[in-house]
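The values are calculated or read from the model by the stated rules, or taken from the named source; none is laboratory data. Here the structure is a predicted model, which means the values were calculated and not measured. No Cβ is skipped: glycine too gets one built from the backbone with ideal geometry, and neighbour counts run over all protein chains shown.
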Amino acid sequence: MSTRGLASDLPIGEQVAESFDDAPEPLRSKLRIITKHLHAMIDELNPTIEDWNAAIEFLTRTGHMCNDVRQEFVLLSDVFGVSSKVETINHSDIEAATESTVLGPFHMTASPARELGDSIDELGKPDHVLVRGRVVSTTGEPVPRAQVDIWQADESGFYDVQVPDIQPAGNGRGLFRTDDAGRFWFRTVIPSHYPIPTDGPVGEMLLATGRHPYRPAHIHFIADADGYETLTTHIFVAGSPYLDSDAVFAVKPSLIRSFDDCDDPSEAERYGLQNPFKVAEFDLVLAPQNDD
Ligand code: BEZ
Ligand code: FE
């Protein structure tokens, strides 16, 4: 009788799944799902040993690229659309709430506290853009004293942390509190579209597959208030390139906003802007906290 083959008649994937039988739940179920899909992937790909070694080497280089300010594994999850998917399935499915989207890697530094109406541009560029809105509940009540954290790239497509010699720390960022009517407003510049970091294995993969690395122009928001689910989202600048091909699959049509021309000297004066200016409106509609 041949002694070749496996100690069990079961396929390896099923043996591995069974090996987790004594693990506590929910670990057991999660590991069984991971094992099932991993083995299905290998069955379908049928890799050579060289292929598999190349995959391990790619993941090893991805790990080596990670440090306190760079997370190449998150970037890998981003370009496969997994970050966007995980964010979406964990966000409230209440229709009336503002849709969420990815956090991204540039929220790595605290935003400076600012007063309503301040400019988040610290380079003294002529103020010509107003962003304003309200934080409200899904039933329409204003949420006073909500925290609104904002960060964005500049008109050249860079965040402060990427060009510390050009932008002071905190440029393009602001931590605001809504007023008694739940309103917030700030002055800024219109951000540019920009490439995600391409100097690592993820960039190599995009290049090798003919994919571009660009994200459409956007402003990041996190709205936080007691009794409500924290909302992590963006507004996307209407008309920006790459709205239909975001490198990280995070565009949701409901988040696209136009920056409209406004020629109104008294409004400009009220907001401390040069006339004419551009204005974008964006309400952040928060879902009630889910306690389960
Ligand atoms: C961002 O929007 O800041 C971002 C998101 C995912 C990957 C890279 C950048
Ligand atoms: Fe961004």
| query | What pairs come up if the first residue lies in the stretch 106-132 and is of a type in the set (S, T, Y), the second is at pLDDT below 95 and assigned to a loop (DSSP other than H, G, I, E, B), and their beta carbons are under 6 Å apart, counting only those six or more places apart or on different chains? | reply | S119/D127
| said: Filter the stretch 234-292 down to the residues that are more than 26 Å from T178 (Cβ to Cβ), free of Cβ contacts under 8 Å to residues at least 40 places away in the same chain and buried (at least 18 other Cβ atoms within 10 Å of the Cβ) and list them by number. | reply: L243, D246
| request: Output the residues belonging to the stretch 199-219 that are of a type in the set (V, I, T) and within 15 Å of ligand 2 (Cβ to nearest atom). | output: I219
| note | How many residues of the stretch 119-152 are more than 16 Å from ligand 1 (Cβ to nearest atom), closer than 20 Å to A225 by Cβ and not hydroxyl-bearing (S, T, Y)? The answer is 15
| Can you pull out the residues in the stretch 220-255 that are part of a strand (DSSP E or B), in contact with an Asp or Glu (Cβ under 9 Å, 6 or more places away or on another chain) and within 15 Å of ligand 2 (Cβ to nearest atom)? | H220, F221, I222, T232, T233, F236
| request: Tell me which of these A17 doesn't satisfy, since it passes every other one: (1) small (G, A, S); (2) surrounded by 13 or more Cβ atoms within 10 Å (Cβ to Cβ); (3) without any contact (Cβ under 8 Å) to a residue 12 or more places away in the chain. | output: (3)
| said: Given the criterion surrounded by fewer than 16 Cβ atoms within 10 Å (Cβ to Cβ), assigned to a loop (DSSP other than H, G, I, E, B) and touching a strand residue (DSSP E or B) at 6+ places or on another chain (Cβ under 6 Å), identify the matching residue among A110, A181, A97. | reply: A181
| Is it fair to say D226 is within 18 Å of V148 (Cα to Cα), exposed (fewer than 14 other Cβ atoms within 10 Å of the Cβ), charged (D, E, K, R) and at pLDDT 95 or above? | yes
